[in-house]
Amino acid sequence: MTGPLSSLKILDFSTLLPGPFASLLLADLGAEVLRVEAPDRPDLVRLLPPHADGVSASHAYLNRNKRSLALDLKRPEAREVVTRLLQTHDILLEQFRPGVMARLGLDYDTLKALNPRLIYVSISGYGQTGPYRQRAGHDINYLALAGLASYTGRAADGPLPLGMQVADLAGGSLHGVIGLLAAVIQRQHTGEGQQVDVSMTDCAVSLHAMAGAGYLAAGVEPQPEGLALNGGSFYDYYRTRDGRWFAVGSLEPPFMRALCQVLDLPGLERQGLVADPAVQQDLKRQLAERFEREDFDHWCRRFAEADACVEPVLTLAEALQHPQLQARGVVTDVPWETGGVQRQLACPLRFSTGLPAPRHPGATLGAHTEAVLQECGYGEAEIAALRDAGAIR
């Protein structure tokens with residue numbers, strides 16, 4: 001079994017999270033991904049705790065199914081290696097600030113002259129153009145500048161630091177994969193590659209979706225707890241007597257009736273459709289009082305058979321043990337090359353023809369350097385010369 005993307009061969013120059021998560025998805029779908037890593041500046045994710053089997057668990061997951069080539073791009077001999085690789089790898093993924101690849105002689109205009117079919121995906125915080133293109137940033141900064149943080153959180157307490165990297169993953173990673181695959185499809189028709197410019201901030205702006213549409217078309221500025229889906233209505237989280245939480249999303253009348261039936265609050269279902277903020281706050285108060293009368297387990301039993309769009313807020317450990325997620329196979333065993341397995345999150349996509357089984361966790365730095373060079377036609381003497389020159393490790 002090869003996977004739907006088995007025809008793609010990708011050079012991955014990215015580090016940390018956005019690029020590696022994008023290439024993880026591609027590798028899980030069968031693409032051949034070769035990480036090009038600096039020998040003297042390892043990806044910081046390699047050092048990120050916690051460690052399992054002596055390896056960063058995050059690195060082992062994010063770099064599953066990929067090979068590693070340790071190459072010092074500051075050396076002219078290393079750039080010659082990239083030139084040879086471009087004869088067989090016609091997709092490149094990079095995540096440097098704009099201008100870095102140009103200083104290395106590996107910018108899109110230079111490389112497309114060597115391979116006009118090259119698809120060159122650049123993921124960065126603010127994109128390849130604009131006054132912020134050279135500015136440093138992290139996920140929290142992109143969400144702030146994109147305006148998303150302004151109405152995420154409680155009115156009294158301000159924005160919340162989210163536990164997941166929304167701009168990195170939904171912005172950089174997923175949009176990067178979409179752009180890459182769109183360019184592949186266009187190349188099938190035109191025979192030509194192109195550069196795909198992915199700004200994590202731009203992509204975060206697109207996540208405003210309905211709130212953004214409301215502002216642009218009607219001038220309605222979203223506020224914390226001012227929308228139906230950000231705490232401005234009963235669509236919210238409710239604490240139980242023992243300090244756990246439930247998520248209530250019973251927006252439609254049938255679900256609202258089921259909610260009120262389980263909570264024994266007859267007559268309240270009509271309030272769910274009333275847009276008046278005062279009515280919504282009164283409804284939230286009554287729901288909160290009822291949830292706090294019983295423990296988490298009690299409400300789990302009561303809502304287990306109720307079709308009410310109400311679910312318990314689970315810990316990660318509880319979520320991975322949930323019957324629905326277990327039935328979907330969201331966890332997989334990835335074999336170590338030396339024996340044994342590591343449990344990891346599985347590829348979330350399902351294909352009727354199946355996907356190839358995971359081959360190995362993230363490789364050690366430069367684990368495949370010699371094999372890759374041999375595949376490019378380098379002989380033993382040439383490889384030794386590259387090593388002596390400090391171009392490889």
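Odds and ends about this structure:
- Cβ-to-Cβ counts within 10 Å put 174, 93, 26, 283 in ascending order as 174, 283, 26, 93, the fewest first.
- When the alpha carbon gyration tensor of the chain is reduced to an equivalent ellipsoid, its three semi-axes come out at 47, 25, 18 angstrom, largest first.
- Per-residue 3J(HN,Hα) values for the stretch 18-33, derived from phi via the Karplus relation 6.51 cos²θ - 1.76 cosθ + 1.60 with θ = phi - 60°, read x, x, x, 5, 4, 6, 4, 4, 5, 5, 4, 8, x, 5, 8, 10 Hz in sequence order (x marks Gly and Pro).
- Taking other C-beta atoms within 10 Å as the exposure proxy, 12, 307, 295 rank 307, 295, 12 from fewest upward.
- Dividing the helix sum by the residues of the chain, where each DSSP H run of 4 or more adds -39500 (n - 2.57), gives a mean residue ellipticity at 222 nm of -10000 deg cm²/dmol.
- Residue-wise HN-Hα coupling along the stretch 99-107, computed from phi with Karplus coefficients 6.51, -1.76, 1.60 (Hz; x: Gly, Pro): x, 5, 5, 5, 5, 8, x, 10, 6
- Rounded to whole Hz, the Karplus (6.51, -1.76, 1.60) HN-Hα couplings of the stretch 293-310, x for glycine and proline: 7, 10, 7, 3, 4, 4, 5, 4, 5, 5, 8, 4, 9, 8, 8, 10, 6, 10
- For 299, 245, the sequence from fewest to most other C-beta atoms within 10 Å is 245, 299.
- Projected-area mean, the stretch 245-312, by convex hull of Cα positions, square nanometres: 4.0
- Close amide-amide hydrogen proximity is noted between residue 118 and 193, each under 5 Å apart and 5 or more residues distant or on a separate chain (H modeled in the peptide plane; Pro and chain starts excluded).
- Taking 0.36 nm per residue of separation and subtracting the Cα-Cα distance, full extension of the segment from residue 135 to residue 279 would add 47.3 nm.
FYI, it's all coordinate maths here, none of it is from the lab. Computed from a predicted model, the values in this text were never measured in an experiment. Quick reminder, even Gly has a Cβ in these numbers, built from the backbone with ideal geometry, and neighbours come from all protein chains shown.
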